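Bear in mind these aren't lab numbers, they're just calculated from the coordinates by the rules spelled out. Model, not experiment: these values are computed from the prediction. Cβ coordinates were reconstructed from backbone atoms using ideal geometry, including for glycine residues, and neighbour counts include every protein chain displayed.
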Amino acid sequence: MAKIIGITGGIASGKSTVTNYLRQKGCQVIDADQVVHELQAKGGKLYQALVSWLGSAILNEAGELDRPKLSQLIFSSQENLAKSSQLQNEIIRQELANRRDQLAKTEETFFMDIPLLFEQDYADWFDEVWLVDVSKGTQLERLMARNNLSQEEAQRRIAAQLSLAEKRQRAEIVIDNNGLQIDGKTADVMPTEPLDQKLKAFGWHVLSVDGHDLAGLTAAFAQAKTLTGAPTMILAKTIKGKGVSFMENQAGWHGKAPNAEQYQQARQELAAALAEKEGK
């Protein structure tokens with residue numbers, strides 16, 4: 001199953017810089033803004049829906065959407081903003097879902113850049129969500145310069161989205177804290193503890209849990225959703241290679257594959273442990 005990572009952030013926060021870097025590294029990225037542009041191209045599904053709603057006044061001389069004029073109309077009132085959202089979101093969601101499902105057939109890991117990821121309830125699509133953050137002042141300056149907007153207009157567009165502060169609160173990260181790295185114990189090579197105190201010092205909520213306890217992990221994720229005012233870090237204490245006698249707590253298995261005999265032994269030990277747990 002493919003690992004899908006969502007990328008989001010406020011308008012003019014720097015998402016394109018992040019996605020361009022990922023593409024340079026060979027990663028596949030579905031860009032929701034680009035998908036919207038394609039759907040809004042002359043004859044596209046969104047083009048037809050928008051012209052049917054707002055008429056030919058939103059078209060330029062070539063019969064294409066006049067994007068500055070379209071944006072001005074949509075952001076001119078809360079009513080238009082709501083109508084635009086209702087009209088476009090179902091079409092956009094379906095197209096993004098189609099592209100996601102196609103890419104999941106060929107890629108182990110890929111990214112989806114969705115500016116309104118939280119606002120439009122896409123969070124459940126992803127194994128991880130990355131937030132591109134920026135200060136309020138920088139965001140405002142970038143948007144005014146990039147789109148040639150007045151301060152008032154730029155502030156209105158920023159206000160139409162969840163604030164970065166609100167998005168920041170929704171961030172959840174899990175650290176697999178097994179105490180080992182490729183060269184040995186982290187305590188001997190590059191000490192990281194006390195992780196919980198360090199994270200709290202940076203203003204995070206911190207939840208500690210047994211990383212092998214599925215019920216405990218589920219409860220931690222549920223609790224994380226109730227915490228506000230700061231992002232949440234879940235510290236999952238685990239044992240590398242747990243359940244396989246020759247692998248448990250052995251740093252040498254950090255990046256090493258078992259041979260055929262070891263693989264069969266590992267499968268047998270895990271199957272026996274599962275059968276015992278299930279009372280078979």
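Descriptive notes on the structure:
- For peptides 127-133, 271-277, sequence by mean Cβ density within 10 Å, most packed first: 127-133, 271-277
- Using equal-weight Cα scatterers in the Debye expression, the normalised intensity of the chain in log10 at q = 0.12, 0.15 Å⁻¹ is -0.94, -1.29.
- Only the Cβ atoms of Lys and Arg (+1) and of Asp and Glu (-1) were treated as charged; on that basis the dipole of the chain about its Cα centre amounts to roughly 300 debye.
- Between Ala41 and Lys225, the FRET efficiency estimated from the beta carbon spacing at R0 = 45 angstrom works out to 0.70.
- Cross-link partners of Lys277 among aspartates and glutamates (Cα-Cα below 18 Å; sequence separation of 8 or more within a chain): Asp210, Asp213, Glu269
- Take every DSSP beta bridge whose two residues both sit in the chain; close to 10 percent of them are antiparallel.
- When the range 3-167 is described by a simple charge dipole with +1 on each Lys and Arg Cβ and -1 on each Asp and Glu Cβ, the residue from Asn98, Trp125, Gly10 located farthest towards its positive end is Gly10.
- A crude spin-label estimate for the pair Cys27 and Asp213, with each label 7 Å from Cα along the Cβ direction, gives 3.3 nm.
- Kirkwood radius and radius of gyration were both taken over the C-alpha atoms of the range 1-133, and their ratio Rg/Rh is 0.99.
- Of Lys69/Lys167; Lys42/Lys69; Lys185/Lys242; Lys3/Lys105; Lys83/Lys225; Lys3/Lys200, those spanning more than 18 Å from alpha-carbon to alpha-carbon: Lys69/Lys167; Lys83/Lys225; Lys3/Lys200
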